[in-house]
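See structure below.
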Amino acid sequence: MGKYILSVDLGTTSTKTVLFDDKLKVLASARHEYPTSYPRPGWAEQDAESWWDALVATVGEVLRGSGVNPGDIAGIGVDSMSSMALPLDGEGKPLRKGLLWLDRRAREESDWIQDTFGEELVSISSNHSDPSNFAPKILWMRKNEPEVYEKARTFLHCNGYLVYRLTGKYSMDISEAGMSQLCDIRTGQWSDRLIGLCGIDREKLPPVYASTDVVGGLTGEAARATGLAEGTPVIAGAMDNVSATLGLGLRRDGQAYISAGTATNAGACTASVPTDPSMLNYHHGVPGLYLVNGGVDYGGAGLRWFKSLIEEERFDVIDRLAEEAGYRDDVLLYLPYMVGQRAPLWDPHSRAVAFGMNPDTSRKAMIRMIMEGIALGVRNVFRLMEEKGAEIDDIVMTGGCANSPVWTQIFSDILGKNIILPGEMDVAPLGTAIMTAVGVGLFADFNEALKVQTVRAEHEPDREKEAYYGDLFKAFTDLYKAVGPIYEQLDRIRETYTI
């Protein structure tokens, strides 16, 4: 058996491919970006061919940079953003661009599902209906692009598409299936009842695999395109948040995490079937475990937006300005729900709000305001979990936001929890590598594989700030309640006056 693992992390803005050795240490990595198109307000699409081009480019760079013999690679795994929907024809060609998780066009279909059989949906899948999910997007295509729906041989997630390009076999991993609104969360398989209620053709759905299952071997065509060895095993993989959670070392009931990137996800592992539909609920990559997840859907991306707005290129300058601002210099509030919000608010109309500014408000105060607003959004997620009985102590954190010591400390102070930063920060590729290594037998189990994870730093909350942030959090939740009705009013105005 080969001794290397190739991990492909398909994100919203770029794909990163990482080559690991048999100790799960990084040997080489490469990243390739691609564009997102926004044809109309609330729509977000990507060309599936750009994902394949990114995989080919990054795999080639990794192989050249490492000098590893492709025949020594034991397995390949792919994780990806979620949720999205991509239709393929009978020859495996995309019939249109993929509808990303950011895409909110299926609001009418999502509302119909919730209004028609929402209680049954929750009882079977443990998930609320949302326009971002797989089933509403398919229904949107069936209604608005019937020729696409009719020609579709199958509908895939983006990691499933790359697995198909590598193996020639259709698949959906168990974690992505859990977010589809077509899955029985208890079995991890398709629910014929939910499929029938939606009116989706069952034969258009791919088989569901456990994340560690080998879907197939690399085809000759894929080997020629990538430079990898024909027959190399490819596992089903997982959504990026599941991979990141595993890469953080979370594999036991009750462990909590924050994955703070473009979207800032927060959640916990549970050994019991989750039943709270205010959260996102799906299978972990570790058999027998589930993940309960909420967050801020445009978390770190919100700060990136403001950084671009003020034309500041360097994140170290952003950090310095936030630190200079001080936590009580200018008491401001920021609702970070810039693109609509899934769990736990389920508000497709919401947008960002900056509140409390005056003529003396500085850009550094606004930077800190955005950092605090995203952390306050995460505090709201954990508050709701704890109200349902979860016991959350220390929290492991990763993602681009965790590269900022200032922002990590803000998270710790606002949450009132210790924040642990793992030694390996690029945890989504690591988690996928762990699943791949277990799936192909390089490690006996997850406990053995996860011995590689170390702790880089810890942040403890400043108890002197506890009362202040407690009051600020109450103002944060009150502000959301106050402006909530205006969101939908603005959407009606947009729909009326946007050409």
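Count the DSSP beta bridges whose two residues both fall in the range 4-236, then state the antiparallel fraction as a percent rounded to the nearest 5. Spell out each step's value before the answer.
On the way: 26 of 36 bridges.
Here the share of antiparallel DSSP bridges comes out near 70 percent.
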* Relative packing of peptides 18-25, 292-299 - highest average C-beta neighbours within 10 Å first -> 292-299, 18-25
* D471 versus D316, label points 7 Å from Cα toward the beta carbon: distance in nm? -> 3.7
* **the range 144-207 and the range 277-300: distance between their alpha carbon centers, rounded to Å** => 19
* **Close Lys-Lys pairs in the range 354-475, where close means Cα under 27 Å and separation is 8 or more or interchain** => 10
* Please list, or write none, the aspartates and glutamates whose alpha carbon is within less than 20 Å of the alpha carbon of K151, excluding same-chain residues fewer than 8 places away. => E45, D47, E49, D89, E91, D201, E203
* Protection proxy ranking, peptides 419-426, 396-403, 442-449, average beta carbon neighbours within 10 Å, highest first -> 396-403, 419-426, 442-449
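What number do you get for the range 176-279 when its Cα radius of gyration is normalised by 2.2 N^0.38 Å, N = residues? Show your work: numbers first, answer last.
Values: Rg = 17.0 Å, N = 104, 2.2 N^0.38 = 12.8 Å.
Relative to the 2.2 N^0.38 Å estimate, the range 176-279 comes out at 1.32.
What does the C-alpha gyration tensor say about the overall shape of the range 422-499? Classify as rounded when a/c is under 1.5, otherwise prolate if a/b is larger than b/c, or oblate. Intermediate results must be reported in sequence, preceding the final value.
Working: a/c = 4.57, a/b = 1.65, b/c = 2.77.
The shape class here is oblate.
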* To do: Find how much the distance from D89 to K143 grows on full extension, using 0.36 nm per residue of separation minus their present alpha carbon separation; answer in nm with one decimal.
  => 17.7 nm
* **Under 20 Å from K16, Cα to Cα: lysines that are on another chain or at least 8 residues apart** => K25
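Normalising by the residue count of the chain, find the relative contact order in percent from Cα pairs under 8 Å and 6+ residues apart.
Details: 1126 pairs, mean separation 71.0, N = 499.
Relative contact order of the chain: 14 percent.
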* Structure fact -> Ratio for the chain, C-alpha Rg to 2.2 N^0.38 Å, reads 0.94
* Asked: Between M357 and K451, what is the spin-label point distance in nm, taking each point 7 Å from the Cα along the Cα→C-beta axis?
  -> 5.4
* Asked: What aspartates and glutamates sit close enough to K23 to cross-link, taking a C-alpha to C-alpha distance under 15 Å and skipping anything fewer than 8 places away on the same chain?
  -> D72, E424, D445, E448
* Asked: Ordered by packing density, taken as the mean number of other Cβ atoms within 10 Å over each peptide's residues, highest first, how do 134-142, 211-219, 161-169, 195-203 rank?
  -> 134-142, 161-169, 211-219, 195-203
* Asked: Mean residue ellipticity at 222 nm from the helices of the chain, using -39,500 (n - 2.57) per DSSP H segment of n ≥ 4 over the full residue count, to the nearest 500 deg cm²/dmol?
  -> -12500 deg cm²/dmol
* **the range 114-142 residues near the modelled E488 label - backbone nitrogen below 14 Å, point 7 Å along Cα→Cβ** => 115
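Here, each number is a calculation from the coordinates, and none is a lab measurement. Computed from a predicted model, the values in this text were never measured in an experiment. Every residue, glycine among them, receives a Cβ derived from its backbone with ideal geometry; neighbour counts consider all protein chains shown.
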